[in-house]
1. Scan B:66, B:87 and give me the residue that is charged (D, E, K, R), under 22 Å from residue A:125 (Cβ atoms) and more than 14 Å from the chain's Cα centre (by Cα).
2. Would a scan of the stretch A:3-24 turn up a residue that is surrounded by fewer than 16 Cβ atoms within 10 Å (Cβ to Cβ) and not in a helix (DSSP H, G or I)?
3. Can you give me the ranges of the strands (runs of 3 or more DSSP E) entirely in the stretch A:72-150 with at least 2 residues that are facing chain B (nearest Cβ under 9 Å) and either within 19 Å of the chain's Cα centre (by Cα) or among the aromatic types (Phe, Trp, Tyr) (or both)?
4. As an exercise: evaluate residue B:29 against (1) in contact (Cβ under 8 Å) with a residue 40 or more places away in the chain; (2) in contact with a helix residue (DSSP H, G or I) (Cβ under 8 Å, 6 or more places away or on another chain) and give the number of the one condition it does not meet.
5. If you go through the stretch A:216-228 one residue at a time, do you hit one that is touching a strand residue (DSSP E or B) at 6+ places or on another chain (Cβ under 9 Å), surrounded by fewer than 22 Cβ atoms within 10 Å (Cβ to Cβ) and in contact (Cβ under 8 Å) with a residue 60 or more places away in the chain?
6. Quick one: which helices (runs of 4 or more DSSP H) lie wholly within chain B and hold at least 3 residues that are closer than 30 Å to residue A:78 by Cβ and within 13 Å of chain A (Cβ to nearest Cβ)?
7. Looking for whichever is touching a Ser or Thr at 6+ places or on another chain (Cβ under 7 Å), free of Cβ contacts under 8 Å to residues at least 60 places away in the same chain and away from chain B (no Cβ under 14 Å) here; the options are A:59, A:44. Which one fits?
8. Given the conditions (1) touching a helix residue (DSSP H, G or I) at 6+ places or on another chain (Cβ under 6 Å); (2) assigned to a strand (DSSP E or B), which single one is not true for residue A:214?
Amino acid sequence: MSYDVLVIGGGPAGLSAALNVRARGRSVLVVSNPLEENPLWRAEKVDNHLGMPDLSGAELLKYFRRHAEEAGAAFLEGKVLNTVRMDETWYVGIGSDMENARALVLAGGVARGKKYPGEEEFLGRGVSYCATCDGMLYRNRPVAVLGFSDTAKKEADFLSGIGCDVTYFDRPRSCTISGGKTVEQVTCDGETVRVDGVFLLRPTMAPTDLFPGLAVDKGYVTVDRKMATNLSGVFAAGDCTGGPLQVSKAVGEGLIAGQSAAAFAAELARKSQ
Amino acid sequence: MAIKHLKTAEFEAAVEAAPLAMVDFWASWCGPCKMLSPTVEALAEQYEGKVLVAKVNVDEEPELARAFGVMSIPTVVFLKNGREFDRKVGLMPAGAFTAVLDSNL
């Protein structure tokens, strides 16, 4: 199905963007991890979101989500792995599925953690970010899963289910991937296993990995006053654009990004008529 | 349509006969492959008569996928008379492929 706007990320910025796309009468799909995996979920108390004192992060997230749902936003649980624009449409790969939209709002939060030694070098030669995409190529072979979220465990189970011999590392601190032409082994926190594949399952992809050519400054997405990035039809909001990494700032930016994306989609729709 | 779907048996002869070939390794269950497909089809038309643009289904031709060490799809391999000289892994805009083709025509 095709949407006017697709929002990457279901935290305060993404939900605010979705609400405001709906307020402009446009269709919107929010693609996100489960709500409980949002870093805000674990905040005991958020005291500086105006007019809503004494609420926990989890309560805020639930209110935000319900508001966007009631406004008619559609939701899909999953992780966006790649994007490409063709003929004024953005195609978004979500696991092994695909959705498309006229405009995108990137609100995926901060990608925590640096890349491991060997990760970039062996990408596509044993290193993968998607179990459901590449798992079939590793049937009956040893693989390691480096899991950084609860959903990563499910993906590891999927790999076991199709016949991969899986070693699971739960939130390892330091890893090194090595081999010759392709991956041969991975060492995590002192433990070395011989594997043909390494699946790195982080909660969020770095913005520049999702969007080749995206302008960033010190790791944060560069945006203008309309929250537009340097890529046509791509807007960004929330923690991924920089600090302060706080709820009110994310909600405000999400509002602007949502309105800008809705206007962009409306203009494209008008032109194509 | 100028796109060739190659089987293991005919692969070697087909790419060796081509001065320049571009082979897209894909599978029906792969979302990014589906996203790349229209681009590859457009390139097949654009370079018709100059470049052999082919597709290999990794489920149907696992030997070929293994021979080329394909470990993530889509993988697009570029060959001159059957010898690989470049490859692109993952979803990319058309420009990434035309850059390789244009500088090797």
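The values are calculated or read from the model by the stated rules, or taken from the named source; none is laboratory data. Keep in mind that this is a model prediction, so the values were computed, not measured. Neighbour counts are summed over all protein chains in view; Cβ atoms, including those assigned to glycine, are modelled from backbone coordinates with ideal geometry.
1. Details: B:87 fails: more than 14 Å from the chain's Cα centre (by Cα).
One residue alone meets the criteria, B:66.
2. Here is the first cut: in the stretch A:3-24, the residues surrounded by fewer than 16 Cβ atoms within 10 Å (Cβ to Cβ) are A:23.
With not in a helix (DSSP H, G or I) added as a condition, the list becomes none.
The answer is no; no qualifying residue exists.
3. Values: elements: A:74-77, A:80-86, A:89-94, A:97-106, A:142-147.
So the answer is A:80-86, A:89-94, A:97-106.
4. (1)
5. No, every residue in the stretch A:216-228 fails to be touching a strand residue (DSSP E or B) at 6+ places or on another chain (Cβ under 9 Å), surrounded by fewer than 22 Cβ atoms within 10 Å (Cβ to Cβ) and in contact (Cβ under 8 Å) with a residue 60 or more places away in the chain.
6. Working: elements: B:8-16, B:31-46, B:62-67, B:94-102.
Correct list: B:31-46, B:62-67, B:94-102.
7. Details: A:59 fails: touching a Ser or Thr at 6+ places or on another chain (Cβ under 7 Å).
After applying the criteria, what remains is A:44.
8. Going through the list (1) touching a helix residue (DSSP H, G or I) at 6+ places or on another chain (Cβ under 6 Å); (2) assigned to a strand (DSSP E or B), residue A:214 breaks only (2).
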